1. Out of the residues in the stretch 159-171 that are open to solvent by less than 10 Å² (accessible area, probe 1.4 Å) and within 24 Å of Ile276 (Cα to Cα), which is farthest from the chain's Cα centre (by Cα)?
2. When you scan the stretch 40-55, how many residues do you find that are more than 18 Å from Gly310 (Cβ to Cβ) and either out of contact with any strand residue (DSSP E or B) (no Cβ under 9 Å at 6 or more places or on another chain) or open to solvent by 30 Å² or more (accessible area, probe 1.4 Å) (or both)?
3. Right, Pro354: open to solvent by 30 Å² or more (accessible area, probe 1.4 Å), within 16 Å of the chain's Cα centre (by Cα), at pLDDT below 95 and closer than 19 Å to Arg214 by Cα or not?
4. Please go through the stretch 273-314 and give me each residue that is of a type in the set (Ser, Thr, Tyr) and outside any helix (DSSP H, G or I), ordered by number.
5. Among the listed residues Gly209, Gly239, Gly218, Gly184, which satisfies the condition of being under 19 Å from Asp322 (Cα atoms) and touching a helix residue (DSSP H, G or I) at 6+ places or on another chain (Cβ under 7 Å)?
6. Out of all the residues in the stretch 120-151, which are part of a loop (DSSP other than H, G, I, E, B) and either surrounded by 24 or more Cβ atoms within 10 Å (Cβ to Cβ) or under 18 Å from the mean Cα position of the chain (by Cα) (or both)?
7. Inside the stretch 172-211, can you point out the residues that are among the aromatic types (Phe, Trp, Tyr) and open to solvent by 10 Å² or more (accessible area, probe 1.4 Å)?
8. Consider only pairs whose beta carbons are under 9 Å apart and that are at least six residues apart or on different chains; among these, list those whose first residue lies in the stretch 304-316 and is of a type in the set (Ser, Thr, Tyr) and whose second residue is open to solvent by 70 Å² or more (accessible area, probe 1.4 Å).
Amino acid sequence: MSASLSRPRVGVWLIGARGSVATTVVTGCTAVAAGLHPPTGMVTETPAFTDSGLPALSDLVFGGHDTVDCPLPKRAETLTTGGVLPPGLATAVAAELAAADREIRPGGPTAGDTRSEAQLITAFADDIRDFLHRHELERAVVVNVASTEPACQGADAPLPASTLYALAALRAGCPYVNFTPSEGMHHPVAAREAEESGMPYAGRDGKTGQTLLRSVLGPMFAQRALTVRAWSGTNLLGGGDGAALADPAAAAAKNAGKERVLADTLGTTPQGETHIDDVPALGDWKTAWDHIAFDGFLGTRMVLQTTWQGCDSALAAPLVLDLARLAARAHEAGLSGPLDALAFYFKDPVGDAPSGLAEQYEALIGFAGRLRGAGATGPGTPRPAGPGEGARLLQGAGEAGEPGPAERTNGTEGLR
C-alpha cells in the first residue's frame, strides 16, 4: 500500500451517495483495504505514488448526500445481480456498507422544498461539519458523483444543485472534486468563492471510457501528421446515467467535454457528432463506438473504428478513490486552487493542462513527486483559509436582511 496505516482518518463525502458509482466506491474501498481484491484500476496504488503521503484506504470514512432512500446494502445487492459486483462481496462488506449508509443525509432541493439557496447551502455544510466532528476526522473531501444536470440556463437561473453542494464544501472547509459534467465549481458564483476560500478543487467529468480513448488517439493522429476528416461517436447506456442523459440539455453538457478533447488534441474540429442513447436494458453497462475518417499519404482515404464496452461504475470507482486521496493530500500539504495536475482523470479539467493522456500522466506523476516532498499542515501550522476564513461564499448567505443571489429558490434536482 502507498500510505501508512497510522495516519489520521479522512472523510469522503459523496454527493449522490446511494448511486451505483458511490456504492461501488464504498464496496471496492472496503474490499481492497481488507485484501479481498487487488487495487486494479487505482493509479494511486502503483509504485509511482509510494511515499507520497496519501491516506490509506483503510483510513477513509464515507458519508454523503442523496435524495433517494435505497440503502447501500440493497443497492449493492442490485449491482451484484447486474454483474457489476462479484458474487458474495456485498455480503462480505455488508457491515461497512450499512455504516456508510447511516452517514448519508437527505439532499436537495426536492419537489416542494421551500428552503432558499442560502438555507440549503448552510444545511449541507452543517451536515459535513457534523460528520467531521463526530468521527474526529482530520479532513474530508467532497466528491460529486451524482447524475448529470442539464446545462446552466444563464446568469439569472437558479443555482444548480451541484453548485449548492460545491459552495457547501467550501463553507465546511473541504476540498471539492466534481466527477460529473454538472456545473459545480465551474459556476461563476462558486468559482469566485473557491478562489477566496483557499480550498483545492478538481474536475470536471471523469474520463472513464470513450473520451479516455480519444485522448490517446487524438494525439496519435496529430503526431503522425494524418488528417482527420470526421470523427463520429455513439454511446449506448442504461442505468441512472442513461435516464439522466436522455434529457438533451444534460447530454449536451456531457458531449461538450468529449468534443473538446478532439478539438484540443487535433488542433481542429472534425466533422461528425457524438450521440448518447438511453437503453435501460443495459443497466450499468455501456457501449461506445467511434468512426474516424482520415487521410493518409497522397490523400488516401482510410477509416479507424473502435468499440469500447465496459461497466460504468467499475470504471469510475477506482478513479474516485484516487481523486479523494490526492485531494486530501493536497489539502494536507497546504495546496489551494485548481489542481490542474489531476487533468489525467477528467474530460474537462480545471486549470491550465494539456489534453493528451501521455502529457497528463507525466503531470500526474510529477504531482506525486511534489506531494512526496511536501510537508503536512498539522494543528497550529499556517495553511490556506479554512472553514469560514477568508471566504465570502454567497453574499448574504444565511444573513437575514441581506438580499443576494443566495436568496433565490432553486429548482428540483434528483441525484442518482
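1. As a first pass, look at the stretch 159-171 and keep what is open to solvent by less than 10 Å² (accessible area, probe 1.4 Å): 159, 161-170.
Then drop every residue that is not within 24 Å of Ile276 (Cα to Cα), which leaves 161-162.
On the way: Ala161: 15, Ser162: 11 Å.
Only one residue fits best here, namely Ala161.
2. Pass one, the stretch 40-55, residues more than 18 Å from Gly310 (Cβ to Cβ): 44-55.
Applying the additional criterion that residues be either out of contact with any strand residue (DSSP E or B) (no Cβ under 9 Å at 6 or more places or on another chain) or open to solvent by 30 Å² or more (accessible area, probe 1.4 Å) (or both) yields 44-54.
Residues meeting the conditions: 11.
3. Working: open to solvent by 30 Å² or more (accessible area, probe 1.4 Å): yes; within 16 Å of the chain's Cα centre (by Cα): no; at pLDDT below 95: yes; closer than 19 Å to Arg214 by Cα: yes.
Here the answer is no, as Pro354 does not meet what is asked.
4. Narrowing the stretch 273-314 to residues of a type in the set (Ser, Thr, Tyr): 274, 287, 300, 306-307, 313.
Listed by number, the residues that qualify are Thr274, Thr287, Thr300, Thr306, Thr307.
5. Numbers: Gly239 fails: under 19 Å from Asp322 (Cα atoms); Gly218 fails: under 19 Å from Asp322 (Cα atoms); Gly184 fails: under 19 Å from Asp322 (Cα atoms).
Answer to the selection: Gly209.
6. Step one: of the stretch 120-151, the residues part of a loop (DSSP other than H, G, I, E, B) are 135-138, 145-151.
Matches in the stretch 120-151: Val145, Ala146, Ser147, Thr148, Glu149, Pro150, Ala151.
7. Of the residues in the stretch 172-211, the ones among the aromatic types (Phe, Trp, Tyr) are 176, 179, 201.
Phe179, Tyr201 - these are the residues of the stretch 172-211 that are among the aromatic types (Phe, Trp, Tyr) and open to solvent by 10 Å² or more (accessible area, probe 1.4 Å).
8. Cβ pairs passing all conditions: Thr306/Trp289; Thr306/His291; Thr307/Trp289.
The values are calculated or read from the model by the stated rules, or taken from the named source; none is laboratory data. Here the structure is a predicted model, which means the values were calculated and not measured. All Cβ positions, even for glycine, are placed from backbone atoms using ideal geometry, and neighbour counts span all protein chains on display. These area figures cover heavy atoms from the full protein model, side chains too; ligands, DNA and RNA do not enter into them. Shrake-Rupley method; radii C 1.70, N 1.55, O 1.52, S 1.80 Å.
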